[in-house]
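First up is the structure itself, then whatever we jot down about it.
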Amino acid sequence: MNSDARVRSDVVSSHSVAGAPCWVSLTARDQQAAEDFYQAVLGWRFRTTALMDRFRIAYADGVPVAGIAAVATMWQMAVAWTPYFAVDSADEAVARGQERGGTAAVGPIGFPPGRAALLADRDGAVFGIWEGQLVAGWETWRRAAPAFLRLHTRNAFDAAMFYGEVLEWATSRPGCCEVHYDGDEVVLRSDGDVVARIHSGAVEAAPDPTIRPHWQVHFAVTDVEACIRAALEHGGTVRDGATTTEAVLRDPDGAQFTVTSKPQV
């Protein structure tokens, strides 16, 4: 059985995992430069998609793990990695976000086999929502793609309330994500696995006005030091504080992401 057949056999819809992270996508300026960089750093391969000319799918070991769209200049968007969360209805999720002080930036727009929208939360952190068939089966994607997501924000409790209401976390619906505290972070779990964290310093501390709220994507890798070397060799930068188990990198366009060591099996 080839890799594409394995992926298709695991395809599910956003309704099955509503509220959980289900995809990540990069808005870039230079498509080829972005592909060259992430192939060198993360070992990805890229394929075209029927969605649009400027959009490509990144594959890791035959599994689709991320999208790259060269639309930052065309759509006047920031160069950045954006997480997408599965929802039952894109229209209803956008409405819930706006009712709670968020902003709808793009959509909902039809992208067969589903619909997507980009929003910003009350503090300006950008995130996406997705309704419809997932590009890869959720379990397959989760094991092959990001280790987890982390929201850096000014008030973790307030942010958790916003996202919980918009994405229906910790509700009575079957299979919904669970939310709890872990030290100074709010932790989101799905099927027992940590899939996202919300951080703002001490949970009960006053909001920090110096923090620029944003979602950070953490990619699991086998060799953090090799990723650092490859990033520097291909025009990227490394933020201070990198270790052998975790490093914050920027691609040549300025998009920031984290590489973190895969757990030892």
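The values are calculated or read from the model by the stated rules, or taken from the named source; none is laboratory data. Just so we're clear, the structure is a prediction, and the values are computed from it rather than from any experiment. Virtual Cβ from ideal backbone geometry, glycine too; neighbours counted across all protein chains shown.
Brief remarks follow.
- Filtered by the rule that a residue be modelled with pLDDT of 85 or more, over 16 Å from the mean Cα position of the chain (by Cα) and small (Gly, Ala, Ser), the range 61-79 gives a lone residue, Gly62.
- Test: residue in the range 2-18 that is of a type in the set (Gly, Ala, Ser) and at pLDDT 90 or above: no
- Condition met for Gly164 (of a type in the set (Gly, Ala, Ser), touching a helix residue (DSSP H, G or I) at 6+ places or on another chain (Cβ under 6 Å), in a helix (DSSP H, G or I) and crowded, with 18+ Cβ neighbours inside 10 Å): no
- Some residue of the range 23-33 being among the small types (Gly, Ala, Ser), in a helix (DSSP H, G or I), over 15 Å from Gly132 (Cα atoms) and modelled with pLDDT of 95 or more: no
- Exactly one residue among Trp138, Trp130 is surrounded by 17 or more Cβ atoms within 10 Å (Cβ to Cβ), closer than 23 Å to Val63 by Cα and modelled with pLDDT of 85 or more, and that residue is Trp130.
- The set of residues in the range 221-260 being among the small types (Gly, Ala, Ser), crowded, with 17+ Cβ neighbours inside 10 Å and within 17 Å of Trp44 (Cα to Cα) consists of Ala230, Ala231, Gly236, Ala255.
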